[in-house]
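First the structure, in the form of C-alpha coordinates, and then the observations on it.
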Amino acid sequence: MIAAPRLSLSDGSTIPQLGIGTYKVPAESTAALVEGAIAAGYRHIDTAALYGNEAEVGEGLRASGVDRDELFVTTKVWNDDQGYDRTLRAFDASAEKLGLDRVDLYLIHWPIPSADRYVDTWKALLRLQQEGRATSIGVSNFSVPHLERLRDETGVLPAVNQVELHPRFPQDDLVAWHAAHGIVTEAWAPLARGGLLDDPVLARLAEKYGKTPAQVVVRWHLDRDLVVFPKSVSLERVRENGEVFDFTLDADDHAQIATLNTGERTGRNPDLD
Ligand SMILES: NC(=O)c1ccc[n+]([C@@H]2O[C@H](COP(=O)([O-])OP(=O)(O)OC[C@H]3O[C@@H](n4cnc5c(N)ncnc54)[C@H](OP(=O)(O)O)[C@@H]3O)[C@@H](O)[C@H]2O)c1
(Lines give C-alpha, C1' and ligand atoms only; values in the text may rest on other atoms or scores of the structure.)
Protein backbone atom coordinates (compact mmCIF):
# COMPACT_ATOMS: atom_id res chain seq x y z
CA MET A 1 0.00 0.00 0.00
CA ILE A 2 1.39 3.37 -1.06
CA ALA A 3 1.58 5.75 1.92
CA ALA A 4 3.15 9.06 0.94
CA PRO A 5 4.42 11.43 3.62
CA ARG A 6 2.87 14.89 3.78
CA LEU A 7 4.71 18.20 3.48
CA SER A 8 3.66 21.30 5.43
CA LEU A 9 2.35 24.32 3.54
CA SER A 10 2.81 27.94 4.64
CA ASP A 11 -0.92 28.25 5.41
CA GLY A 12 -0.81 25.46 7.99
CA SER A 13 -2.23 22.71 5.74
CA THR A 14 -0.36 19.65 4.56
CA ILE A 15 -0.04 18.01 1.14
CA PRO A 16 0.74 14.37 0.25
CA GLN A 17 4.16 14.42 -1.39
CA LEU A 18 3.19 11.89 -4.07
CA GLY A 19 0.08 11.94 -6.22
CA ILE A 20 -1.10 11.15 -9.74
CA GLY A 21 -1.19 13.56 -12.66
CA THR A 22 -4.13 13.46 -15.06
CA TYR A 23 -3.03 15.57 -18.04
CA LYS A 24 -3.91 13.63 -21.22
CA VAL A 25 -5.69 10.91 -19.28
CA PRO A 26 -8.74 10.44 -21.53
CA ALA A 27 -12.00 11.36 -19.79
CA GLU A 28 -13.44 7.89 -20.42
CA SER A 29 -10.66 6.15 -18.49
CA THR A 30 -10.17 8.74 -15.74
CA ALA A 31 -12.73 7.56 -13.17
CA ALA A 32 -11.42 3.98 -13.09
CA LEU A 33 -7.81 5.18 -12.97
CA VAL A 34 -8.49 7.53 -10.05
CA GLU A 35 -10.46 4.87 -8.19
CA GLY A 36 -7.67 2.33 -8.77
CA ALA A 37 -4.95 4.77 -7.69
CA ILE A 38 -6.80 5.52 -4.46
CA ALA A 39 -7.27 1.78 -3.84
CA ALA A 40 -3.48 1.44 -4.23
CA GLY A 41 -2.99 4.07 -1.52
CA TYR A 42 -2.68 7.33 -3.45
CA ARG A 43 -4.49 10.25 -1.82
CA HIS A 44 -3.50 13.18 -4.08
CA ILE A 45 -4.90 13.87 -7.56
CA ASP A 46 -3.73 16.71 -9.80
CA THR A 47 -6.17 17.90 -12.47
CA ALA A 48 -7.10 21.17 -14.21
CA ALA A 49 -10.03 22.69 -16.04
CA LEU A 50 -7.91 22.38 -19.20
CA TYR A 51 -7.62 18.59 -18.90
CA GLY A 52 -11.34 18.04 -19.55
CA ASN A 53 -11.61 15.28 -16.97
CA GLU A 54 -12.65 17.01 -13.72
CA ALA A 55 -16.10 15.36 -13.71
CA GLU A 56 -14.50 11.94 -14.13
CA VAL A 57 -11.92 12.68 -11.43
CA GLY A 58 -14.88 13.44 -9.14
CA GLU A 59 -16.54 10.17 -10.16
CA GLY A 60 -13.37 8.24 -9.27
CA LEU A 61 -13.08 10.01 -5.89
CA ARG A 62 -16.66 9.08 -4.98
CA ALA A 63 -16.28 5.51 -6.24
CA SER A 64 -13.21 5.03 -4.03
CA GLY A 65 -15.33 5.21 -0.88
CA VAL A 66 -12.45 6.98 0.88
CA ASP A 67 -13.39 9.89 3.17
CA ARG A 68 -13.25 13.30 1.49
CA ASP A 69 -10.95 14.61 4.22
CA GLU A 70 -8.33 11.97 3.44
CA LEU A 71 -8.15 13.01 -0.22
CA PHE A 72 -6.21 15.93 -1.67
CA VAL A 73 -7.52 17.39 -4.93
CA THR A 74 -5.86 20.13 -6.97
CA THR A 75 -7.38 21.92 -9.93
CA LYS A 76 -6.39 25.03 -11.86
CA VAL A 77 -7.90 28.08 -13.50
CA TRP A 78 -7.17 28.14 -17.23
CA ASN A 79 -5.65 31.15 -18.99
CA ASP A 80 -8.88 32.27 -20.72
CA ASP A 81 -10.60 32.54 -17.34
CA GLN A 82 -8.05 34.81 -15.67
CA GLY A 83 -9.32 38.03 -14.06
CA TYR A 84 -11.21 38.45 -10.77
CA ASP A 85 -14.82 37.70 -11.75
CA ARG A 86 -14.05 35.13 -14.42
CA THR A 87 -11.83 33.21 -12.03
CA LEU A 88 -14.58 33.04 -9.41
CA ARG A 89 -16.94 31.67 -12.06
CA ALA A 90 -14.31 29.22 -13.33
CA PHE A 91 -13.82 27.95 -9.78
CA ASP A 92 -17.56 27.33 -9.42
CA ALA A 93 -17.58 25.40 -12.69
CA SER A 94 -14.60 23.25 -11.65
CA ALA A 95 -16.03 22.57 -8.19
CA GLU A 96 -19.34 21.57 -9.70
CA LYS A 97 -17.70 19.21 -12.19
CA LEU A 98 -15.60 17.65 -9.45
CA GLY A 99 -18.68 17.35 -7.23
CA LEU A 100 -16.80 19.07 -4.39
CA ASP A 101 -17.77 22.12 -2.38
CA ARG A 102 -14.11 22.72 -1.55
CA VAL A 103 -10.85 21.89 -3.31
CA ASP A 104 -7.63 21.32 -1.40
CA LEU A 105 -5.47 23.39 -3.75
CA TYR A 106 -6.46 25.84 -6.48
CA LEU A 107 -3.76 27.10 -8.84
CA ILE A 108 -3.34 29.79 -11.50
CA HIS A 109 -2.29 27.50 -14.37
CA TRP A 110 0.06 29.92 -16.21
CA PRO A 111 1.02 33.55 -15.48
CA ILE A 112 0.56 34.84 -19.08
CA PRO A 113 2.46 38.06 -18.30
CA SER A 114 1.41 39.66 -21.61
CA ALA A 115 -2.27 39.59 -20.51
CA ASP A 116 -1.34 41.13 -17.13
CA ARG A 117 -4.29 39.61 -15.26
CA TYR A 118 -2.49 37.32 -12.85
CA VAL A 119 -2.62 39.75 -9.89
CA ASP A 120 -6.42 40.13 -10.17
CA THR A 121 -6.66 36.37 -10.59
CA TRP A 122 -4.61 35.91 -7.42
CA LYS A 123 -7.00 38.26 -5.56
CA ALA A 124 -9.88 35.96 -6.57
CA LEU A 125 -7.95 32.97 -5.20
CA LEU A 126 -7.40 34.85 -1.92
CA ARG A 127 -11.16 35.36 -1.67
CA LEU A 128 -11.83 31.66 -2.40
CA GLN A 129 -9.43 30.75 0.37
CA GLN A 130 -11.05 33.18 2.82
CA GLU A 131 -14.43 31.64 2.00
CA GLY A 132 -13.05 28.16 2.69
CA ARG A 133 -13.72 26.96 -0.84
CA ALA A 134 -10.00 26.46 -1.58
CA THR A 135 -8.09 25.26 1.46
CA SER A 136 -4.77 26.22 -0.10
CA ILE A 137 -3.96 28.41 -3.09
CA GLY A 138 -0.96 28.58 -5.34
CA VAL A 139 0.36 29.15 -8.82
CA SER A 140 1.95 27.24 -11.65
CA ASN A 141 4.68 28.19 -14.10
CA PHE A 142 5.49 31.43 -12.22
CA SER A 143 9.03 32.77 -12.13
CA VAL A 144 10.54 34.88 -9.34
CA PRO A 145 9.46 38.32 -10.69
CA HIS A 146 5.84 37.08 -10.94
CA LEU A 147 5.96 35.75 -7.38
CA GLU A 148 7.49 38.99 -6.09
CA ARG A 149 4.75 40.98 -7.76
CA LEU A 150 2.04 38.92 -6.02
CA ARG A 151 3.77 39.50 -2.70
CA ASP A 152 4.24 43.23 -3.33
CA GLU A 153 0.65 43.84 -4.49
CA THR A 154 -1.28 41.53 -2.14
CA GLY A 155 1.12 40.73 0.71
CA VAL A 156 0.60 36.99 0.19
CA LEU A 157 2.90 34.51 -1.52
CA PRO A 158 1.46 31.30 -2.98
CA ALA A 159 1.70 28.13 -0.88
CA VAL A 160 3.01 26.22 -3.90
CA ASN A 161 4.43 26.85 -7.36
CA GLN A 162 3.95 23.94 -9.80
CA VAL A 163 6.66 24.07 -12.45
CA GLU A 164 8.28 21.86 -15.05
CA LEU A 165 11.02 19.99 -13.22
CA HIS A 166 12.94 16.75 -13.86
CA PRO A 167 16.58 15.65 -13.98
CA ARG A 168 17.10 17.34 -17.37
CA PHE A 169 15.64 20.60 -16.03
CA PRO A 170 16.07 20.58 -12.25
CA GLN A 171 15.36 24.29 -11.64
CA ASP A 172 17.82 24.46 -8.72
CA ASP A 173 17.74 28.26 -8.39
CA LEU A 174 13.95 28.48 -8.39
CA VAL A 175 13.64 25.61 -5.90
CA ALA A 176 16.12 27.38 -3.57
CA TRP A 177 14.16 30.65 -3.86
CA HIS A 178 10.93 28.82 -3.04
CA ALA A 179 12.52 27.16 0.00
CA ALA A 180 13.80 30.51 1.26
CA HIS A 181 10.29 31.97 0.95
CA GLY A 182 8.23 29.10 2.38
CA ILE A 183 6.85 27.95 -1.00
CA VAL A 184 6.56 24.22 -1.72
CA THR A 185 7.75 23.24 -5.20
CA GLU A 186 5.59 20.85 -7.23
CA ALA A 187 7.26 19.13 -10.21
CA TRP A 188 5.27 18.76 -13.40
CA ALA A 189 6.51 16.44 -16.16
CA PRO A 190 8.51 14.74 -13.39
CA LEU A 191 9.51 11.94 -15.80
CA ALA A 192 10.20 14.47 -18.58
CA ARG A 193 7.04 12.98 -20.14
CA GLY A 194 8.78 9.60 -20.33
CA GLY A 195 11.62 11.01 -22.42
CA LEU A 196 14.50 10.28 -20.05
CA LEU A 197 13.58 6.79 -18.90
CA ASP A 198 15.99 5.04 -21.29
CA ASP A 199 18.99 6.97 -19.96
CA PRO A 200 21.92 4.62 -19.05
CA VAL A 201 22.59 6.45 -15.74
CA LEU A 202 19.03 5.72 -14.65
CA ALA A 203 19.27 2.13 -15.93
CA ARG A 204 22.36 1.56 -13.74
CA LEU A 205 20.70 3.04 -10.66
CA ALA A 206 17.55 1.04 -11.34
CA GLU A 207 19.62 -2.13 -11.43
CA LYS A 208 21.47 -1.16 -8.24
CA TYR A 209 18.20 -0.89 -6.27
CA GLY A 210 16.10 -3.49 -8.10
CA LYS A 211 13.78 -0.70 -9.23
CA THR A 212 12.67 0.74 -12.57
CA PRO A 213 14.08 3.98 -14.05
CA ALA A 214 10.72 5.67 -13.39
CA GLN A 215 10.89 4.67 -9.73
CA VAL A 216 14.45 6.05 -9.47
CA VAL A 217 13.28 9.38 -10.89
CA VAL A 218 10.26 9.57 -8.56
CA ARG A 219 12.59 8.82 -5.64
CA TRP A 220 14.93 11.61 -6.83
CA HIS A 221 12.03 14.10 -6.56
CA LEU A 222 11.01 12.86 -3.10
CA ASP A 223 14.60 13.06 -1.81
CA ARG A 224 14.68 16.71 -2.91
CA ASP A 225 11.51 17.52 -0.87
CA LEU A 226 9.44 18.17 -3.98
CA VAL A 227 5.81 17.25 -4.53
CA VAL A 228 5.49 14.91 -7.50
CA PHE A 229 2.57 13.40 -9.46
CA PRO A 230 3.67 11.27 -12.42
CA LYS A 231 0.98 10.58 -15.00
CA SER A 232 0.21 7.21 -16.52
CA VAL A 233 -2.87 5.87 -18.24
CA SER A 234 -1.90 2.42 -16.99
CA LEU A 235 -2.94 1.45 -13.47
CA GLU A 236 0.00 -0.95 -13.39
CA ARG A 237 2.46 1.92 -14.00
CA VAL A 238 0.57 4.15 -11.53
CA ARG A 239 1.18 1.46 -8.90
CA GLU A 240 4.80 1.07 -10.00
CA ASN A 241 5.39 4.82 -9.65
CA GLY A 242 4.19 4.63 -6.05
CA GLU A 243 6.42 1.75 -4.93
CA VAL A 244 9.19 4.13 -3.93
CA PHE A 245 9.11 4.21 -0.15
CA ASP A 246 11.43 1.24 0.46
CA PHE A 247 14.68 2.82 -0.82
CA THR A 248 16.51 6.15 -0.98
CA LEU A 249 19.25 7.42 -3.26
CA ASP A 250 22.65 8.28 -1.77
CA ALA A 251 24.78 11.36 -2.44
CA ASP A 252 26.72 9.61 -5.19
CA ASP A 253 23.46 8.58 -6.94
CA HIS A 254 22.29 12.19 -6.78
CA ALA A 255 25.62 13.35 -8.23
CA GLN A 256 25.18 10.92 -11.14
CA ILE A 257 21.62 12.08 -11.81
CA ALA A 258 22.88 15.69 -11.72
CA THR A 259 24.87 14.91 -14.90
CA LEU A 260 21.55 14.55 -16.78
CA ASN A 261 20.90 18.29 -16.46
CA THR A 262 20.85 19.64 -20.02
CA GLY A 263 18.57 22.60 -19.31
CA GLU A 264 16.02 21.17 -21.77
CA ARG A 265 12.33 21.81 -21.13
CA THR A 266 9.57 19.57 -22.51
CA GLY A 267 7.10 22.48 -22.44
CA ARG A 268 7.10 26.14 -23.28
CA ASN A 269 8.92 28.86 -21.39
CA PRO A 270 6.20 30.65 -19.36
CA ASP A 271 8.11 33.94 -19.35
CA LEU A 272 7.63 34.24 -23.13
CA ASP A 273 3.79 34.08 -23.16
N1 LIG B 1 0.89 23.04 -14.48
C2 LIG B 1 1.22 22.71 -15.71
O3 LIG B 1 1.40 23.57 -16.59
C4 LIG B 1 1.39 21.28 -16.05
C5 LIG B 1 1.93 20.91 -17.29
C6 LIG B 1 2.08 19.56 -17.57
C7 LIG B 1 1.73 18.62 -16.62
N8 LIG B 1 1.17 18.98 -15.42
C9 LIG B 1 0.77 17.99 -14.39
O10 LIG B 1 1.87 17.13 -14.13
C11 LIG B 1 1.48 15.78 -14.38
C12 LIG B 1 2.66 14.95 -14.84
O13 LIG B 1 3.27 15.50 -16.00
P14 LIG B 1 3.11 14.88 -17.46
O15 LIG B 1 1.88 14.08 -17.52
O16 LIG B 1 3.24 15.97 -18.45
O17 LIG B 1 4.40 14.00 -17.66
P18 LIG B 1 5.21 12.85 -16.84
O19 LIG B 1 4.44 12.43 -15.64
O20 LIG B 1 6.59 13.33 -16.70
O21 LIG B 1 5.27 11.69 -17.90
C22 LIG B 1 4.14 11.01 -18.36
C23 LIG B 1 4.64 10.02 -19.43
O24 LIG B 1 5.46 9.03 -18.82
C25 LIG B 1 4.94 7.73 -19.10
N26 LIG B 1 5.10 6.92 -17.87
C27 LIG B 1 4.54 7.14 -16.66
N28 LIG B 1 4.93 6.21 -15.77
C29 LIG B 1 5.78 5.38 -16.42
C30 LIG B 1 6.50 4.24 -16.04
N31 LIG B 1 6.46 3.77 -14.80
N32 LIG B 1 7.28 3.62 -16.97
C33 LIG B 1 7.33 4.10 -18.24
N34 LIG B 1 6.65 5.19 -18.67
C35 LIG B 1 5.89 5.84 -17.77
C36 LIG B 1 3.48 7.95 -19.44
O37 LIG B 1 3.05 6.97 -20.36
P38 LIG B 1 1.65 6.18 -20.15
O39 LIG B 1 0.60 7.17 -19.80
O40 LIG B 1 1.45 5.53 -21.49
O41 LIG B 1 1.93 5.20 -19.05
C42 LIG B 1 3.53 9.33 -20.12
O43 LIG B 1 3.90 9.19 -21.47
C44 LIG B 1 0.38 15.94 -15.44
O45 LIG B 1 -0.36 14.78 -15.64
C46 LIG B 1 -0.38 17.10 -14.85
O47 LIG B 1 -1.19 16.67 -13.78
C48 LIG B 1 1.02 20.31 -15.13
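The values are calculated or read from the model by the stated rules, or taken from the named source; none is laboratory data. Since the model is a prediction, treat every value here as computed from it, not as a measurement. As a convention, Cβ positions derive from the backbone with ideal geometry for all residues, glycine included, and neighbour counts pool all protein chains shown. In case anyone asks, the SASA skips ligands and DNA or RNA and just uses the protein heavy atoms, side chains included. Shrake-Rupley method; radii C 1.70, N 1.55, O 1.52, S 1.80 Å.
Between ALA55 and TYR209, what is 0.36 nm times their sequence separation minus the Cα-Cα distance? Round to one decimal in nm. Here the segment from ALA55 to TYR209 would lengthen by 51.6 nm.
Of the residues TRP177, TRP220, ranked by 1.4 Å probe accessible area with the largest first, the sequence reads TRP177, TRP220.
Considering only beta bridges that DSSP places wholly inside the stretch 6-260, some 15 percent are antiparallel. Using a probe of 1.4 Å on the protein chains alone, the accessible area found for GLU236 is around 140 Å². Accessible surface comparison of ASP11, ASP246, probe 1.4 Å, protein chains only, largest first: the order is ASP246, ASP11. Residues within the reach of a label modelled at GLN130 (point 7 angstrom out along Cα to beta-carbon, backbone nitrogen below 14 Å), restricted to the stretch 150-183, are 154-156. Amide H contacts under 5 Å for SER10: VAL184, restricted to partners 5 or more places along the chain or on a different chain, H placed in the peptide plane at 1.01 Å from N.
Residues GLU59, GLU240, ordered by accessible area of protein heavy atoms at a 1.4 angstrom probe radius and largest first, appear as GLU59, GLU240.
What the Kirkwood sum gives for the stretch 6-260 is a hydrodynamic radius of 18.5 Å, with every pair of different alpha carbons counted. If you look at the Cα atoms of the stretch 70-154, you get an Rg and a Dmax of 12.1, 39 Å. Estimated at the nearest 10 Å², the accessible area of LYS208 is 110 Å² with a 1.4 Å probe. Stretching the chain fully between ASP252 and ASP92 yields a gain of 52.8 nm (0.36 nm per residue, less the alpha carbon separation). In the context of the full protein assembly, HIS146 retains an accessible surface of approximately 20 Å², using a probe radius of 1.4 Å and ignoring ligands and nucleic acids. Per-residue ellipticity at 222 nm, computed for the chain from helices alone with -39500 (n - 2.57) per DSSP H run of at least four residues, works out to -12000 deg cm²/dmol. For the residues PRO16, PRO113, PRO200, a GNM of the chain with alpha-carbon springs under 10 Å puts the largest fluctuation on PRO200.
For labels at ASP69 and ASN261 in the simple 7 Å Cα→Cβ model, what's the distance in nm? So the two model labels end up 4.2 nm from each other.
For TRP188, nonlocal amide neighbours, meaning residues 5 or more places apart or on other chains whose placed amide H falls under 5 Å from its own, are VAL163, GLU164, LEU165.
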